[in-house]
Amino acid sequence: MPLLDLKDVTKDYHLGKTVVRALRGLDLHINKGEIVAIMGPSGSGKSTLMHILGCVDIPTAGKAAIEGTQIESLSERQLVAVRGRKIGFVFQTFNLMQTLSAQQNVELPMIFQGIKKKERARRAVEQLTKVGLADRVHHRPNELSGGERQRVAIARALANDPEILLADEPTGNLDSESGETILELLKKLSTEDGKTVIIVTHDPDATAIAGRIIRLHDGRVVEEVSNV
């Protein structure tokens with residue numbers, strides 16, 4: 001059974017009297033441990049697909065399942081619980097709290113899961129060490145390079161040990177060297193830790209680590225390429 005399974009998914013947005021169809025009968029199956037790159041021009045449906053895969057939104061029509069559970073049948077509270085336990089998000093703009101240290105930023109998702117303070121601190125240091133920032137745990141974002149900030153963001157995404165990492169343009173604000181470091185880290189999290197990594201990207205270099213490349217156009221999958 002696929003970890004993520006979308007069948008004939010349609011997503012409509014209502015803008016006044018206008019209906020915008022962002023996804024049009026899309027099928028997509030992602031297995032545990034895969035690295036999948038999702039590409040396409042602006043307006044192709046990448047962000048909408050990301051939101052559905054991340055249980056942030058539900059389809060207008062069709063079926064979307066995570067580990068066999070249909071997300072459209074879940075309440076908002078249940079969707080929040082699924083996101084908190086099973087999915088880690090990495091963003092192009094890092095989305096770090098500027099007034100908090102790296103360790104405190106990584107601890108944030110654990111607070112919402114009710115993890116005790118001592119355990120939060122232990123896990124945060126463990127994850128920062130995993131991403132190569134053992135000597136930066138007390139630094140604030142403005143004291144870190146772009147690549148280091150993105151590694152803090154990845155450590156934060158890993159805080160609750162999710163099965164799925166959703167990375168939205170993770171190299172978009174980085175120079176080529178830092179971007180390569182981030183991609184190697186994402187690859188390692190899949191090959192060594194068994195994480196399922198989904199990368200939405202315009203960066204051709206990001207596709208090099210993916211086992212599959214999915215290309216979208218006008219809300220449909222127009223090409224699927226195996227990169228193995």
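Where a number appears in this text, it was derived from the coordinates with a stated rule and is not lab data. Because the structure is predicted, anything quoted here is derived from the model rather than measured. Positions of Cβ are generated from backbone atoms using ideal geometry, with glycine treated the same way; all protein chains shown enter the neighbour counts.
Our summary gives the chain a relative contact order of 28 percent, counting only alpha carbon pairs under 8 angstrom and 6 or more residues apart.
Backbone phi angles across region 154-165, fed through the Karplus curve with coefficients 6.51, -1.76 and 1.60 (θ = phi - 60°), yield HN-Hα couplings of 5, 4, 5, 4, 8, 3, 9, 6, x, 7, 10, 10 Hz in residue order; Gly and Pro are listed as x. Spacing of the modelled spin labels on R220 and A134, each 7 Å from Cα toward Cβ, amounts to 5.3 nm.
The alpha-carbon atoms of region 1-81, seen along their principal axes, cover 39, 30, 20 angstrom, with the largest extent given first. Each stretch of four or more DSSP H residues adds -39500 (n - 2.57); spread over every residue of the chain, this sum gives -10000 deg cm²/dmol at 222 nm. Taking other C-beta atoms within 10 Å as the exposure proxy, E67, E76 rank E76, E67 from fewest upward.
Comparing K11, K130, K187 in a Gaussian network model of the chain, where Cα atoms under 10 Å apart are tied by springs, the biggest mean-square fluctuation is seen for K130.
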